[in-house]
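Trainee: The structure is given below, and queries will be raised subsequently.
The values are calculated or read from the model by the stated rules, or taken from the named source; none is laboratory data. All figures in this text were calculated on a predicted structure; none of them were measured in a lab. Here Cβ is always computed from backbone atoms with ideal geometry, including for glycine, and neighbour counts include all displayed protein chains. For the accessible areas, the whole protein counts, side chains as well, though only heavy atoms, and no ligand, DNA or RNA atoms are used. Shrake-Rupley method; radii C 1.70, N 1.55, O 1.52, S 1.80 Å.
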Amino acid sequence: MSPLSMSTPVADRHEVSALWRWQLPLALALFTFVLRYTYPEFSRFVILTEGWGPVELSHFVMPFLTGVVAIACLMSLPEGSQKALRIWFILLMLGGFFIAGEEHSWGQHFFNWSTPEYWAELNRQQETNLHNSSSWFNQKPQLVLQVSVLFAVVILPLGTRYGRFSGLRERFAFVLPGISTYAIGRFMVFYAIWDQLAKNLDFPEISTREAEVMETYLYGFLLIYAITMFKRIKRHTTGAA
(Lines give C-alpha, C1' and ligand atoms only; values in the text may rest on other atoms or scores of the structure.)
Protein backbone atom coordinates (compact mmCIF):
# COMPACT_ATOMS: atom_id res chain seq x y z
CA MET A 1 0.00 0.00 0.00
CA SER A 2 1.77 3.14 -1.19
CA PRO A 3 1.59 6.36 0.85
CA LEU A 4 -0.52 9.27 -0.32
CA SER A 5 0.36 12.90 -0.92
CA MET A 6 -1.45 16.07 -1.94
CA SER A 7 -0.29 15.46 -5.52
CA THR A 8 -1.28 11.80 -5.85
CA PRO A 9 -3.21 11.49 -9.14
CA VAL A 10 -6.85 10.51 -8.78
CA ALA A 11 -9.60 9.54 -11.19
CA ASP A 12 -12.37 12.10 -10.71
CA ARG A 13 -15.81 10.53 -10.53
CA HIS A 14 -19.22 10.85 -8.92
CA GLU A 15 -18.66 9.56 -5.39
CA VAL A 16 -22.23 10.17 -4.17
CA SER A 17 -25.59 9.54 -5.77
CA ALA A 18 -27.50 12.08 -7.84
CA LEU A 19 -29.96 12.38 -4.95
CA TRP A 20 -27.33 14.04 -2.77
CA ARG A 21 -25.39 15.77 -5.55
CA TRP A 22 -28.19 17.78 -7.14
CA GLN A 23 -31.71 16.42 -6.58
CA LEU A 24 -32.03 17.38 -2.91
CA PRO A 25 -30.23 20.73 -3.45
CA LEU A 26 -32.66 21.52 -6.27
CA ALA A 27 -35.61 20.44 -4.15
CA LEU A 28 -34.47 22.75 -1.35
CA ALA A 29 -34.27 25.70 -3.75
CA LEU A 30 -37.75 25.04 -5.11
CA PHE A 31 -39.20 24.34 -1.66
CA THR A 32 -37.92 27.56 -0.08
CA PHE A 33 -38.99 29.59 -3.15
CA VAL A 34 -42.55 28.26 -3.07
CA LEU A 35 -42.84 28.74 0.70
CA ARG A 36 -41.57 32.31 0.42
CA TYR A 37 -44.55 33.28 -1.72
CA THR A 38 -47.21 30.97 -0.30
CA TYR A 39 -46.52 30.55 3.44
CA PRO A 40 -43.85 33.14 4.35
CA GLU A 41 -44.60 33.00 8.09
CA PHE A 42 -44.31 29.21 8.11
CA SER A 43 -41.07 29.52 6.18
CA ARG A 44 -39.52 32.05 8.56
CA PHE A 45 -40.76 30.73 11.90
CA VAL A 46 -40.80 26.97 11.28
CA ILE A 47 -38.56 25.92 8.38
CA LEU A 48 -35.87 28.59 8.82
CA THR A 49 -36.21 29.33 12.52
CA GLU A 50 -33.23 29.18 14.88
CA GLY A 51 -32.42 26.14 17.00
CA TRP A 52 -34.64 23.19 16.17
CA GLY A 53 -35.80 24.41 12.73
CA PRO A 54 -34.95 21.77 10.09
CA VAL A 55 -32.66 24.03 8.06
CA GLU A 56 -30.83 25.36 11.12
CA LEU A 57 -30.58 21.85 12.54
CA SER A 58 -28.87 20.74 9.33
CA HIS A 59 -26.31 23.48 9.96
CA PHE A 60 -25.21 21.47 12.98
CA VAL A 61 -25.56 17.98 11.54
CA MET A 62 -23.69 18.46 8.24
CA PRO A 63 -20.56 20.16 9.66
CA PHE A 64 -20.48 17.67 12.52
CA LEU A 65 -20.59 14.77 10.06
CA THR A 66 -17.89 16.51 8.03
CA GLY A 67 -15.66 16.40 11.10
CA VAL A 68 -16.48 12.72 11.66
CA VAL A 69 -15.67 11.81 8.04
CA ALA A 70 -12.42 13.80 8.28
CA ILE A 71 -11.43 11.64 11.26
CA ALA A 72 -12.20 8.56 9.16
CA CYS A 73 -9.94 9.98 6.44
CA LEU A 74 -7.10 10.46 8.91
CA MET A 75 -7.46 6.94 10.27
CA SER A 76 -7.53 5.48 6.74
CA LEU A 77 -4.41 7.21 5.41
CA PRO A 78 -1.65 4.72 4.58
CA GLU A 79 1.45 4.79 6.77
CA GLY A 80 4.02 7.25 5.49
CA SER A 81 1.50 9.54 3.80
CA GLN A 82 2.53 13.17 3.36
CA LYS A 83 2.38 15.28 6.51
CA ALA A 84 0.66 18.11 4.62
CA LEU A 85 -2.16 15.74 3.70
CA ARG A 86 -2.66 14.81 7.35
CA ILE A 87 -2.71 18.48 8.31
CA TRP A 88 -5.31 19.09 5.59
CA PHE A 89 -7.67 16.53 7.09
CA ILE A 90 -7.01 17.79 10.62
CA LEU A 91 -8.06 21.27 9.47
CA LEU A 92 -11.16 19.81 7.82
CA MET A 93 -12.00 17.96 11.03
CA LEU A 94 -11.47 20.99 13.28
CA GLY A 95 -13.35 23.24 10.88
CA GLY A 96 -16.34 20.88 10.76
CA PHE A 97 -16.59 20.57 14.54
CA PHE A 98 -16.05 24.30 15.05
CA ILE A 99 -18.81 25.23 12.61
CA ALA A 100 -21.18 22.70 14.16
CA GLY A 101 -20.52 24.05 17.64
CA GLU A 102 -20.82 27.67 16.60
CA GLU A 103 -24.03 27.16 14.62
CA HIS A 104 -25.84 25.97 17.73
CA SER A 105 -23.90 28.07 20.24
CA TRP A 106 -22.14 25.01 21.62
CA GLY A 107 -25.43 23.48 22.78
CA GLN A 108 -27.27 26.61 23.90
CA HIS A 109 -29.86 26.30 21.10
CA PHE A 110 -30.55 22.74 22.24
CA PHE A 111 -30.50 23.14 26.02
CA ASN A 112 -31.42 26.84 26.38
CA TRP A 113 -28.94 27.82 29.06
CA SER A 114 -28.44 31.48 29.91
CA THR A 115 -25.52 33.40 28.46
CA PRO A 116 -23.13 34.72 31.13
CA GLU A 117 -23.59 38.45 31.57
CA TYR A 118 -19.99 39.33 30.70
CA TRP A 119 -20.22 37.39 27.42
CA ALA A 120 -23.67 38.74 26.54
CA GLU A 121 -22.13 42.21 26.48
CA LEU A 122 -19.65 41.10 23.80
CA ASN A 123 -22.03 39.02 21.72
CA ARG A 124 -24.52 40.93 19.57
CA GLN A 125 -27.17 38.19 19.94
CA GLN A 126 -26.36 37.38 23.57
CA GLU A 127 -25.38 33.81 22.70
CA THR A 128 -22.49 31.61 23.79
CA ASN A 129 -20.64 31.61 20.49
CA LEU A 130 -17.76 33.45 18.84
CA HIS A 131 -19.23 34.25 15.44
CA ASN A 132 -21.62 36.88 16.81
CA SER A 133 -18.86 38.62 18.71
CA SER A 134 -16.51 39.46 15.84
CA SER A 135 -16.49 39.43 12.04
CA TRP A 136 -13.18 37.55 12.29
CA PHE A 137 -15.14 34.51 13.46
CA ASN A 138 -18.09 35.00 11.10
CA GLN A 139 -18.16 37.06 7.90
CA LYS A 140 -14.45 36.85 7.10
CA PRO A 141 -14.01 33.06 7.44
CA GLN A 142 -17.29 32.52 5.63
CA LEU A 143 -16.15 34.78 2.80
CA VAL A 144 -12.94 32.74 2.50
CA LEU A 145 -15.02 29.56 2.22
CA GLN A 146 -17.36 31.14 -0.31
CA VAL A 147 -14.50 32.33 -2.53
CA SER A 148 -12.81 28.93 -2.22
CA VAL A 149 -15.97 27.17 -3.36
CA LEU A 150 -16.41 29.67 -6.20
CA PHE A 151 -12.89 28.90 -7.36
CA ALA A 152 -13.29 25.14 -6.98
CA VAL A 153 -16.61 24.68 -8.78
CA VAL A 154 -16.66 27.54 -11.30
CA ILE A 155 -13.27 29.13 -12.01
CA LEU A 156 -11.11 26.00 -11.84
CA PRO A 157 -13.31 23.83 -14.12
CA LEU A 158 -13.71 26.70 -16.58
CA GLY A 159 -9.99 27.43 -16.58
CA THR A 160 -9.15 23.76 -17.01
CA ARG A 161 -11.34 23.62 -20.09
CA TYR A 162 -9.14 26.30 -21.64
CA GLY A 163 -5.84 24.75 -20.58
CA ARG A 164 -5.30 26.77 -17.40
CA PHE A 165 -4.31 25.70 -13.87
CA SER A 166 -2.43 22.58 -14.99
CA GLY A 167 0.29 23.18 -12.38
CA LEU A 168 -2.25 23.64 -9.61
CA ARG A 169 -4.10 20.49 -10.61
CA GLU A 170 -0.88 18.46 -10.57
CA ARG A 171 0.33 19.80 -7.24
CA PHE A 172 -3.00 19.35 -5.39
CA ALA A 173 -4.58 16.60 -7.49
CA PHE A 174 -5.69 14.44 -4.58
CA VAL A 175 -7.45 17.11 -2.53
CA LEU A 176 -9.07 19.29 -5.18
CA PRO A 177 -12.89 19.07 -5.06
CA GLY A 178 -14.23 16.78 -7.75
CA ILE A 179 -17.31 16.71 -9.93
CA SER A 180 -19.45 15.33 -7.10
CA THR A 181 -19.26 18.74 -5.43
CA TYR A 182 -19.96 20.89 -8.49
CA ALA A 183 -23.77 21.05 -8.39
CA ILE A 184 -24.20 21.80 -4.68
CA GLY A 185 -21.24 24.19 -4.78
CA ARG A 186 -22.80 26.14 -7.63
CA PHE A 187 -26.07 26.39 -5.72
CA MET A 188 -24.04 27.92 -2.88
CA VAL A 189 -22.42 30.43 -5.24
CA PHE A 190 -25.81 31.40 -6.67
CA TYR A 191 -27.36 32.04 -3.25
CA ALA A 192 -24.30 33.90 -1.96
CA ILE A 193 -24.52 36.28 -4.92
CA TRP A 194 -28.30 36.62 -4.72
CA ASP A 195 -28.13 37.38 -1.00
CA GLN A 196 -25.84 40.32 -1.71
CA LEU A 197 -28.02 41.53 -4.58
CA ALA A 198 -31.11 41.38 -2.38
CA LYS A 199 -29.38 43.27 0.44
CA ASN A 200 -27.61 45.92 -1.61
CA LEU A 201 -29.63 46.34 -4.81
CA ASP A 202 -33.14 45.49 -3.60
CA PHE A 203 -33.43 42.34 -5.70
CA PRO A 204 -36.56 40.33 -4.75
CA GLU A 205 -36.18 37.58 -2.16
CA ILE A 206 -36.29 34.05 -3.53
CA SER A 207 -36.42 32.52 -0.05
CA THR A 208 -37.27 33.97 3.32
CA ARG A 209 -33.63 34.01 4.43
CA GLU A 210 -31.20 33.67 1.52
CA ALA A 211 -28.15 33.66 3.80
CA GLU A 212 -29.44 30.62 5.70
CA VAL A 213 -30.14 28.73 2.48
CA MET A 214 -26.67 29.64 1.24
CA GLU A 215 -25.14 28.21 4.43
CA THR A 216 -27.07 24.98 3.91
CA TYR A 217 -25.44 24.55 0.51
CA LEU A 218 -22.04 25.53 1.88
CA TYR A 219 -22.14 22.93 4.65
CA GLY A 220 -23.55 20.36 2.24
CA PHE A 221 -20.60 21.06 -0.03
CA LEU A 222 -18.15 20.46 2.83
CA LEU A 223 -19.81 17.16 3.74
CA ILE A 224 -19.85 15.86 0.17
CA TYR A 225 -16.23 16.96 -0.22
CA ALA A 226 -15.23 15.03 2.91
CA ILE A 227 -17.03 11.93 1.64
CA THR A 228 -15.25 12.14 -1.71
CA MET A 229 -11.91 12.36 0.10
CA PHE A 230 -12.70 9.28 2.16
CA LYS A 231 -13.72 7.31 -0.93
CA ARG A 232 -10.56 8.38 -2.76
CA ILE A 233 -8.45 7.09 0.12
CA LYS A 234 -10.37 3.81 0.19
CA ARG A 235 -9.95 3.33 -3.55
CA HIS A 236 -6.22 3.90 -3.20
CA THR A 237 -5.77 1.56 -0.24
CA THR A 238 -7.84 -1.25 -1.77
CA GLY A 239 -6.34 -0.85 -5.21
CA ALA A 240 -9.77 -0.33 -6.82
CA ALA A 241 -9.84 1.32 -10.24
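Trainee: Failed condition for LEU85, given (1) open to solvent by less than 30 Å² (accessible area, probe 1.4 Å); (2) in contact with a helix residue (DSSP H, G or I) (Cβ under 8 Å, 6 or more places away or on another chain); (3) not in a loop (DSSP other than H, G, I, E, B); (4) not small (Gly, Ala, Ser), with all others met?
Mentor: Of everything listed in (1) open to solvent by less than 30 Å² (accessible area, probe 1.4 Å); (2) in contact with a helix residue (DSSP H, G or I) (Cβ under 8 Å, 6 or more places away or on another chain); (3) not in a loop (DSSP other than H, G, I, E, B); (4) not small (Gly, Ala, Ser), LEU85 misses just condition (2).
Trainee: Filter the stretch 194-208 down to residues that are open to solvent by 80 Å² or more (accessible area, probe 1.4 Å) and part of a helix (DSSP H, G or I), then give me how many there are.
Mentor: 3
Trainee: Moving on. Please enumerate the residues belonging to the stretch 34-56 that are modelled with pLDDT of 85 or more and either among the small types (Gly, Ala, Ser) or crowded, with 17+ Cβ neighbours inside 10 Å (or both).
Mentor: Kept after step one, since they are modelled with pLDDT of 85 or more, are these residues of the stretch 34-56: 34-39, 54-56.
LEU35, ARG36, VAL55, GLU56 - these are the residues of the stretch 34-56 that are modelled with pLDDT of 85 or more and either among the small types (Gly, Ala, Ser) or crowded, with 17+ Cβ neighbours inside 10 Å (or both).
Trainee: Check the stretch 163-170 and report whether any residue there is modelled with pLDDT of 95 or more and of a type in the set (Phe, Trp, Tyr).
Mentor: No; the residues of the stretch 163-170 include none that is modelled with pLDDT of 95 or more and of a type in the set (Phe, Trp, Tyr).
Trainee: Given the criterion out of contact with any Cys (no Cβ under 8 Å at 6 or more places or on another chain), crowded, with 18+ Cβ neighbours inside 10 Å and assigned to a loop (DSSP other than H, G, I, E, B), identify the matching residue among GLU15, GLU79. Please lay out each step first, then the result.
Mentor: On the way: GLU79 fails: crowded, with 18+ Cβ neighbours inside 10 Å.
Of the residues listed, the single one that is out of contact with any Cys (no Cβ under 8 Å at 6 or more places or on another chain), crowded, with 18+ Cβ neighbours inside 10 Å and assigned to a loop (DSSP other than H, G, I, E, B) is GLU15.
Trainee: Considering only residues that are assigned to a loop (DSSP other than H, G, I, E, B) and out of contact with any helix residue (DSSP H, G or I) (no Cβ under 9 Å at 6 or more places or on another chain), look in the stretch 158-179 and name the one that is most open to solvent (accessible area, probe 1.4 Å).
Mentor: Of the residues in the stretch 158-179, the ones assigned to a loop (DSSP other than H, G, I, E, B) are 162-165, 172-178.
Now drop any that are not out of contact with any helix residue (DSSP H, G or I) (no Cβ under 9 Å at 6 or more places or on another chain), which leaves 162-163, 172-173.
Working: TYR162: 162, GLY163: 61, PHE172: 63, ALA173: 22 Å².
The qualifying residue most open to solvent (accessible area, probe 1.4 Å) is TYR162.
Trainee: Given PHE60, PHE64, PHE31, which one is more than 19 Å from the chain's Cα centre (by Cα) and either open to solvent by 70 Å² or more (accessible area, probe 1.4 Å) or over 15 Å from PHE230 (Cα atoms) (or both)? Full working, then the answer.
Mentor: On the way: PHE60 fails: more than 19 Å from the chain's Cα centre (by Cα); PHE64 fails: more than 19 Å from the chain's Cα centre (by Cα).
Checking each option against the conditions leaves just PHE31.
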